[in-house]
Amino acid sequence: MSEKVKVTNLVKTFGTNEVLKGINLTVQDNEVVVIIGPSGSGKSTLLRTLNKLEEPTSGSIVIDNTDIANKNVNMNTIRENIGMVFQHFNLFNNLTVGENIMLAPVELKKETKAEASKQAKQLLDTVGLKEKFSARVQSLSGGQQQRVAIARALAMNPDIMLFDEPTSALDPEMVGDVLEVMKDLAKKGMTMIVVTHEMGFAKEVADRVVFVDDGQILEQGTPDQIFGHPKNERLRDFLNKILNV
Amino acid sequence: MKHRLSKPLRWVIFGVAFLMCLIFSNTAQAKTYQIGTDVTYPPFEFANKHNQYVGIDIDIMNAIAKEEGFKVHIKPVGFNAAVQAVQSGQEDGVIAGMTITPDRQAKFDFGTPYYKTGVVMAVAKNSRISSFKQLKGKRVALKTGTAAADYANSIKKKYSFKTVTFDDSDNMYQDVTTGNSVACFEDQPVMQYGIKQGLKLKIVSKPANTGWYGFAVKKGTNRALISKFNAGLKKIKANGTYDRIVGKYLGSKTNQAVKGKTFTIGTDVTFPPFEFANKHNKYVGIDMDLIRSIANEQGFKVKIKPLGFNAAVQAVESGQIDGVIAGMSITNARKKQFDFSDPYYTSGVVMAVANNGKVKSLSQLRGKKVAVKTGTAGADYANSLKKKYGFTVTTFDDSNNMYQDVVTGNSAACFEDQPVMQYAIKQGTKLKIATKPAESAPYGFAVKRGQNQALLSAFNNGLKDLKASGTYDDIKAKYLGTGGSQASVKSTGSSTEDRSFIGLIKQNKGALLSGLQETMWLTVVSIFFATIFGVIVGLLGVVPGKAFNWLSSILIYIFRGMPLLVLALFIYTGIPSLTGEKIPAFVAGVITLTFNEGAYIAAFVKGGIEAVDPGQMEAARSLGLPFGKSMRKVILPQGIRIMIPSFINQFIITLKDTSILSIIGLLELTQTGKIIIARNLEGFKVWTIVALMYLIIITLLTWLSNWVQRRTNV
Ligand SMILES: Nc1ncnc2c1ncn2[C@@H]1O[C@H](COP(=O)(O)OP(=O)(O)O)[C@@H](O)[C@H]1O
Ligand SMILES: [Mg+2]
């Protein structure tokens, strides 16, 4: 196993607000890491700095031996290797389902239209939405949209997938389908960093769980360690709140 | 006074006397009276340039003699010699500008006083002195032995001025015109005559020490001659001969026909330099000064009514007012309704170029632009020549914008009535006149045909006098600077035009359609560039990079904040002044609209893009799509949909805003309307037609845009 992502002393501030206060995190190839933590603790920010949707303030982020904190790095090619799934799906409203998936492969000249559409159909098949290829985005339910978003992220054949609370905006009955797709991905050996409040998913799929609070990693370990034997006071508080709801 | 007669002069006098003997030889029985007079006392007696003895005294004496059937032999022996000769009985009488005084009445019998005189003070034409008080400490010129000198000496102490005395009138006048002395005193008629002959002096005081001139015989003798003189004087006063004689030498100051009367004179509202309200709201100008000076000269009063040209003309026709002076050209058509005075001004159209302009003739205008003002004779003239000389005509509403267009070099020349042009140049416009006046048209003062003949002849007499005295030239110089001589033709619409809506549309169809075409061109070309400009500036507002965002905001702020009119004038007249490069009006118009409409477009482009969910951009970027591609493929398609209603709105606004560009002379629909109205004055009808044309085009555009909008929403 090799290091896929290595974050060292990552600091991110917005103005005077220090959101990430020196994060050190390593993710191995094929590893599934679940990040948990209270709202506003910096989970999304951490995830977004990994593909530089946010510019890191200091520290280093090495992905596949490239330090992306370096200004000279072409982020566009790096991003092709990092898929991202957003809480609110962010499907392109001006395009059909198929076009959403095909856009990047075609525009970035990786594939011809024919190849791209063939691949898009395959991807839709894997997320259980084969028949929605020509549908307008607006006609899909939230769960369906999120699965299309996952398919879109996979279209560039990334090595790493980032998920930022992919099921938080979904009606409960839709959550299962999306988690199924994610579990399948994990089984296929995708390196995944997932921010989620779905503890069941974490327990079942995660190789490691990371607890973030106030911009710092306070504790990390196997699901068993984190959920069975939490050491940190705040982690215990957090788990109590979540599990007792 | 030197009483010296040259030999030829004697011969001439002899000849004149001989001729008179011949003339009066039919009254052979009549006695020939020997009358003495002065040698030189103009205007009463003097030798004219043909060395003939003439003057008021001589002419009156001869006229009376003729009237009464006696003969006279007038001998210019000198004043003192003549007086002594009468006393000694060698001569029968003396007529020599001789004032009737008690002293003289003791020795002479005087006829009925034939001329009233008085002492006046005259100063140099440009002098500010207008009262005796201002003479304090100054030097005054006098002529020895005159009543005027006596008078001046009598007030010398009171006003504490110094005097210098000359033997000769000319030297006295000279002393004042050169500024050595500030004033001179002289008998009114003498002074008046001198001024009429071109002396650069003006009379500034009322006649003082007034007295009467009389014809004198030795006391107790020649009663018969006195009664003949009195009878004859009465007759020549009654039949106008007296007035004619005095008028001949002094200008008909005493025009009995109009004396003391008040006449109402109509004029135009604003026609500089002929009539216009000055900053004190007083009507001034060449026409105004002329009529006032003539009234003054002829002894009548005027009431000026600035009714407007057409109204004034009609008021004269209907007899509501007595005359009209309004830069009115004398035409055969008008002569049917009016009696005109002698032309008092001849105008014509001239071409003016920039001070440093190289165009000197019409043929150098080929391929160039020429500026004119709507509705002027200059515009008509330019339009009649544009084919022949191959230039294009730009029309302005306002003289100033027209001049400016030439000053900045956008146009090579402008055409305007000479006096109007000359006046503008005198007012500081940096142009020069390059051609002689063409299409010359004389101006006249007019009264209703067959009416007010006394006023008309008073005007003609007064005009002659003003011309003779130099006052006329002074008035012209005051408004036109030196060397002026001409004026303009008022263009009034032909009365045969059909003034119904249909008629107006038919007559002006070509002009209106080409105006509409210009409007459409301007709109389409401008909206094209405005869209490019707007999209670029709008995008600068949303790309990452603070500097770009700032630039975008500033550009939007400036061009959205500046009134379109100001921007148009700035670009059209300002840029050429800054860069020295000319801008064609159409290009300036397109630039103006590109910036102004583009700023609005930029604002809604920016707003439209910002209205797209930022998650869309993040998702696109997270896939590895560069910023530009993300914009084009994801953001703009969504943003444009938001922008379309604003864009259509902007298109319509641009179409309407083109009308403002009429200010820089673009011949679009609004300017076309203005020009038509300037000619036919049918404002309401023409504006209705123009408004409907705009509405029709905008309705069509709205339909088109609704259709586009429906299609893009599918
Ligand atoms: N673009 C931003 N500008 C300013 N503050 C931000 C921005 N994004 C996040 N923050 C702040 O950073 C903190 C962490 O936010 P986030 O990473 O979204 O937390 P979490 O995802 O753990 O709920 C919050 O206080 C939030 O207000
Ligand atoms: Mg979050």
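What follows draws every value from the coordinates through simple rules; no lab data is involved. As the structure is a prediction and not an experimental result, all values here were calculated from the model. Positions of Cβ are backbone-derived with ideal geometry, glycine not excepted, and every protein chain shown enters the neighbour counts.
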| Suppose every K and R has +1 on its Cβ and every D and E has -1 on its Cβ; what is the size of the dipole of chain B about the Cα centre, in Debye to the nearest 20? | 940 debye
| task | Would you work out the relative contact order for chain A, in percent, from Cα pairs under 8 angstrom that are 6 or more residues apart? | result | 26 percent
| task | Show which aspartates and glutamates lie in cross-link reach of A:Lys130 when reach means a straight Cα distance below 15 angstrom and same-chain residues fewer than eight apart are skipped. | result | A:Glu99, A:Asp177
| query | Relative contact order for chain B: what is it in percent, counting Cα pairs under 8 Å that are at least 6 residues apart? | reply | 10 percent
| request: Quick one: dipole size for segment B:259-383, taken about the Cα centre, charges +1 on Lys/Arg Cβ and -1 on Asp/Glu Cβ, in debye to the nearest 20. | output: 460 debye
| Mean residue ellipticity (222 nm) of chain B, computed from DSSP H runs ≥ 4 via -39,500 (n - 2.57), nearest 500 | -15500 deg cm²/dmol
| task | Among DSSP beta bridges lying fully in the protein assembly as shown, give the percent that are antiparallel, nearest 5. | result | 55 percent
| message | To check you understand DSSP bridge types, tell me what percent of the beta bridges within chain B (both residues inside) are antiparallel, rounded to 5. | response | 55 percent
| request: Give me the percent of DSSP beta bridges within segment B:115-211 that run antiparallel, rounded to the nearest 5. | output: 60 percent
| note | With +1 at each Lys and Arg Cβ and -1 at each Asp and Glu Cβ, the charge dipole magnitude of the protein assembly as shown around its Cα centre, to the nearest 20 debye, comes out at 6300 debye
| Roughly how many nanometres apart are two label points built 7 Å out from the Cα toward the Cβ at B:Ser361 and B:Lys156? | 6.5 nm
| query | How large is the helix-only mean residue ellipticity at 222 nm for chain A, computed as the sum of -39500 (n - 2.57) over DSSP H runs with n ≥ 4, divided by its residue count, in deg cm²/dmol to the nearest 500? | reply | -10500 deg cm²/dmol
| Among the listed pairs B:Lys116/B:Lys156; B:Lys387/B:Lys509; B:Lys31/B:Lys75; B:Lys196/B:Lys303; B:Lys259/B:Lys303, those beyond 18 Å (Cα-Cα) | B:Lys116/B:Lys156; B:Lys387/B:Lys509; B:Lys196/B:Lys303
| query | Considering only DSSP states other than H, G, I, E and B, which trypsin sites (Lys or Arg not before Pro) in segment A:187-245 qualify as loop sites with at most 14 other Cβ atoms within 10 Å? | reply | A:Lys188, A:Lys231
| note | Of the residues B:Gly97, B:Gly390, B:Thr429, the Cα lying farthest along the dipole of chain B towards its positive end, which is defined by charges on the beta carbon of Lys, Arg, Asp and Glu, belongs to B:Gly97
| note | Out of B:Asn706, B:Tyr600, B:Ile554 - ranked by how far each Cα lies towards the positive end of the dipole of segment B:501-712, with unit charges on the beta-carbon of charged residues - the top one is B:Asn706
| task | Pop the C-beta distance of B:Lys656 and B:Asn126 into the FRET formula with R0 = 60 Å and round what comes out to the nearest 0.05. | result | 0.60
| Principal axis dimensions, largest first and in whole angstrom, of the protein assembly as shown by Cα | 165, 66, 49
| task | Go through B:Lys358/B:Lys464; B:Lys386/B:Lys685; A:Lys71/B:Lys629 and tell me which ones have a Cα-Cα distance over 31 Å in this structure. | result | B:Lys358/B:Lys464
| note | Straight-line reach check, B:Lys373, cutoff 12 Å on alpha carbons, 8 or more apart in-chain or any other chain, hits among aspartates and glutamates -> B:Asp397, B:Asp398, B:Asp405, B:Glu416, B:Asp417
| task | Considering the options B:Gln517, B:Val246, B:Ile697, tell which one lies farthest towards the positive end of the dipole of chain B, charges being +1 on Lys and Arg and -1 on Asp and Glu at the Cβ, about the Cα centre. | result | B:Val246
| remark: Taking only Cα atoms of segment B:506-659, the Rg to Rh ratio with Kirkwood Rh works out at 1.08
| note | The set of residues whose placed amide H lies less than 5 Å from the amide H of B:Thr117, leaving out same-chain residues fewer than 5 positions away, is B:Gly211, B:Trp212, B:Tyr213
| remark: segment B:501-712: relative contact order from alpha carbon pairs under 8 Å, six or more residues apart, as a whole percent, is 30 percent
| Cα-Cα separations in chain B greater than 49 Å, expressed as whole percent | 42 percent
| At a Förster radius of 51 Å, what calculated FRET efficiency corresponds to the Cβ-Cβ distance of B:Thr32 and B:Lys259, to the nearest 0.05? | 0.85
| task | At 27 Å minimum axial length over the Cα atoms and a Kyte-Doolittle cut of 0.5, report the qualifying DSSP H helices in chain B, or say none. | result | B:501-540, B:585-610, B:636-657, B:683-713
| task | Past 26 Å, Cα to Cα, is the threshold; run A:Lys43/A:Lys118; B:Lys136/B:Lys202; A:Lys109/B:Lys633 against it and keep the listed order. | result | A:Lys43/A:Lys118
| task | Report, ordered by chain and residue number, the lysines lying within cross-link reach of B:Lys335, taken as a straight Cα distance under 16 Å and ignoring same-chain residues fewer than 8 apart. | result | B:Lys448, B:Lys490
| Share of alpha-carbon pairs per 5 Å distance bin for segment A:1-50, given as whole % | 5, 17, 28, 26, 14, 7, 3, 1
| Measuring from label point to label point, each 7 Å out along Cα→Cβ, what is the B:Gln90 to A:Lys109 span in nm? | 13.1 nm
| Rounded if a/c under 1.5, otherwise prolate or oblate - segment B:345-443, Cα gyration tensor axes | rounded
